[in-house]
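Single-structure report; data block below.
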Amino acid sequence: MSNSNYETVIGLEIHAELNTRSKLFCNCEVAFGTDANTRTCPICLGMPGVLPVLNERAFEFALRAAVALNCEISPACSFDRKNYFYPDLPKGYQISQKYAPLGRNGYVDFEFEGETHRTRVHQIHLEEDAGKLVHADVTGNVNRSYVDLNRACVPLLEIVSEPDLRSPDEAIAYWRAVKEIIEYIDISDCNMEEGSFRCDANISLRPIGSNEFGTRTELKNKNSFQHVLAALNYEEKRQARILDEGGEIHQETLLFDLDTGRTSPMRSKEEAHDYRYFPEPDLVRTNVSPDRIEKIRTALPELPAARRERFVTEFQIPEYVAEFLTATRQMADYFDETARLSNDPKASSNWIMGDLSGLLNSAGLQIQDTEVTPIHLSELIGLIKEGTISGKIAKSVLPEVFETGKSPRQMVEEKGLAQISDSSAIETVIDQVIAENSGSAQDVRDGKKKAIGFLVGQVMRATKGKANPQMVNQILRQKLESS
Amino acid sequence: MSTITPEEVEHVANLARLEFNEEEIAEFTHQLGRILDYIGKLNELDTTDVPPTSHVLPLHNVQKADDAHPSYDRAVVLDTAPSAEEGYFEVPKVIE
């Protein structure tokens, strides 16, 4: 930050839509991109007299997250109504948790600028999502808004951090770490484009050395890392400028315009912060026993930070490689399996980060979508090791496996790509190459060692790259030295 | 003695999108005050040995299986709305 008179204080509220089959309090399907208002019923429409019932899987998922984020779990957790009017909220209140949320006092450890940082989690709770508002686009009538309630009542996990983050970059690192954990424990798709993983950011500045918080502003509902980073960077500068000029920050909700790169106040819900929470009378409390928490804890998969560490120690791979390979759980699983099957972690990581990632990127696929299984990849590595194919041939086999899903061994057999390691066959080709390139052969005999490279190239060309290069080298030398 | 002020009544009315004239505010201040006083009687009770109650029903952990069932027909759903267009509920413009 350009101005060093202030310390930046940031807290994030992260929202993750849980990937349950049905909604939080009714049995409507959770679906993205379906026709508007085709996934609703009297419960999620907020009709009078209906009775919400808690989705057991949503609760289980939320518990899993609370445990993974090191929270204390409420032994008796309950729901509350948050009251406000907005057209995307059919009931006039949102069922959320205030007085006895699922988890409290957790923390997330993450790597930032080469150090482990810890951000405390104030609370983690379950709530229902609101519907979606569409403006004008539906009919072209600019005086109307349009409401789609498919998303209303979809289970939403809210993770509220303490204001422990000290820069926009650190906030993003924390957000990424939380996303990784949520993906690892498999409770949300975390699809940011579809809005199933988003965040609100609170930011304030205070004089360095001060323990009091300055007035904060809130940036709403961001679903991209870059967007939040740009918004926080802008807001950090804006607040510093106001404070420098002796001005005052107003507590308000801001919208960030990506095109202009500026924030502006959101004209909205007046008196919005008087939510008059009260206990939700339609839902009974949920007790969670220490046994259940322990069961969830032991069933948690290895989390990204632990896995990264294990990759470095167990597989002897560099930190940055481990970082890459644990970016998603699927990627980490893939590498884990390939490394074990091939018994060659280094080759496995090279292939995954190099050629395979290249193929995935150009096809716009994720590692879990490819036909190239860890079995395939380890087989390919094995084929090189046993000398059946060269590394170069392997590079041409991989795209074929990627396309067809056939095993590399089968591919090599079908295309006759196996390396020629039969010395008499290689000799025949070498004799021919020497005859056709007598000039170069003479150069080698005259001591111009470099000329042998050309002859090796000719042999490889004649055999379409299939000759075992070491053998070619060796036989060529013998022939040219003895004659 | 009233336990609620006319300002509080106005504030709550505003949150509930209700509009009252001065006479009504005075009336509701009086009525709500009486209700609060009446409920306030509970504070006289000694609850030292009574465990906190979050819910009146002797039930807990009531949950449903995570199964998706068919939703309501959209035409039926939208038919309940004052105004609908192109499969959406139509509302006065919301400024964001």
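The values are calculated or read from the model by the stated rules, or taken from the named source; none is laboratory data. Note that the structure is a prediction, hence the values are computed from the model and not measured. Ideal geometry is used to build each Cβ from the backbone, glycine not excepted, and the neighbour counts take in all protein chains shown. When the accessible area is computed, the model is the full protein with side chains, heavy atoms only, and any ligands, DNA or RNA have been set aside. Shrake-Rupley method; radii C 1.70, N 1.55, O 1.52, S 1.80 Å.
Of the peptides A:332-343, B:42-53, the ranking by mean beta-carbon count within 10 Å, highest at the top, reads A:332-343, B:42-53.
With the dipole of the protein assembly as shown worked out from charges on the C-beta (+1 for Lys and Arg, -1 for Asp and Glu) around the Cα centre, which of A:ALA100, A:PRO155, A:ASN361 lies farthest toward the positive end? Farthest along the dipole direction, towards plus: A:ASN361. In a reduced charge model with +1 at each Lys and Arg Cβ and -1 at each Asp and Glu Cβ, region A:335-378 shows a dipole moment near 120 debye about its Cα centre. At a Cβ-Cβ separation cutoff of 4.7 angstrom, cysteine residues of chain A with no neighbouring cysteine are A:CYS26, A:CYS28, A:CYS41, A:CYS71, A:CYS77, A:CYS190, A:CYS199.
In the protein assembly as shown, taking the dipole from charged Cβ atoms about the Cα centre, the farthest positive-side position among A:ILE182, A:ASN37, A:ILE430 is held by A:ILE430. Mean per-residue shielding of peptide A:122-132 is 0, counting Cβ atoms of other chains within 10 Å of each Cβ. In straight-distance terms, cross-link reach from A:LYS220 covers every one of the lysines whose alpha-carbon lies under 17 Å from its own, apart from those fewer than eight places away in the same chain; here that gives A:LYS132, A:LYS269. For region A:271-378, averaging the sequence separation of C-alpha pairs within contact (under 8 Å, six or more residues apart) and dividing by the residue count gives a relative contact order of 20 percent. Students often get this wrong, so check it: of A:LYS222/B:LYS93; A:LYS23/A:LYS222; A:LYS179/A:LYS295; A:LYS346/A:LYS415; A:LYS179/A:LYS222, which have C-alpha atoms separated by over 19 Å? In this structure, A:LYS222/B:LYS93; A:LYS23/A:LYS222; A:LYS179/A:LYS295; A:LYS346/A:LYS415 lie more than 19 Å apart at Cα. A:ASP369 exposes around 80 Å² of accessible area when a 1.4 Å probe is run over every protein chain in place. Counting DSSP beta bridges with both partners in the protein assembly as shown, what percentage is antiparallel, nearest 5? In the protein assembly as shown, approximately 95 percent of DSSP beta bridges are antiparallel ones.
In percent, rounded to a whole number, the relative contact order of region A:357-411 is 38, using alpha-carbon pairs under 8 Å and six or more apart.
Summarised as an ellipsoid, chain B has semi-axes of 39, 30, 10 Å, derived from the eigenvalues of the Cα gyration tensor scaled by 5 and square-rooted, with the largest first.
In order along region A:243-248, the Karplus-derived 3J(HN,Hα) couplings, from 6.51 cos²θ - 1.76 cosθ + 1.60 at θ = phi - 60°, round to 5, 4, 7, x, x, 10 Hz, and Gly and Pro are given as x.
With the charge dipole of chain A set up from +1 on Lys and Arg Cβ and -1 on Asp and Glu Cβ about the Cα centre, the Cα lying farthest toward the positive end among the listed residues A:PHE335, A:ALA201, A:MET266 is that of A:PHE335.
Summary value for chain A: 14 percent relative contact order, contacts being C-alpha pairs under 8 angstrom separated by 6+ residues.
Taken about its Cα centre, chain A carries a charge dipole of about 680 debye when Lys and Arg each add +1 at the Cβ and Asp and Glu each add -1 at the Cβ.
With the whole protein complex present, B:HIS30 retains an accessible surface near 110 Å², based on a 1.4 Å probe.
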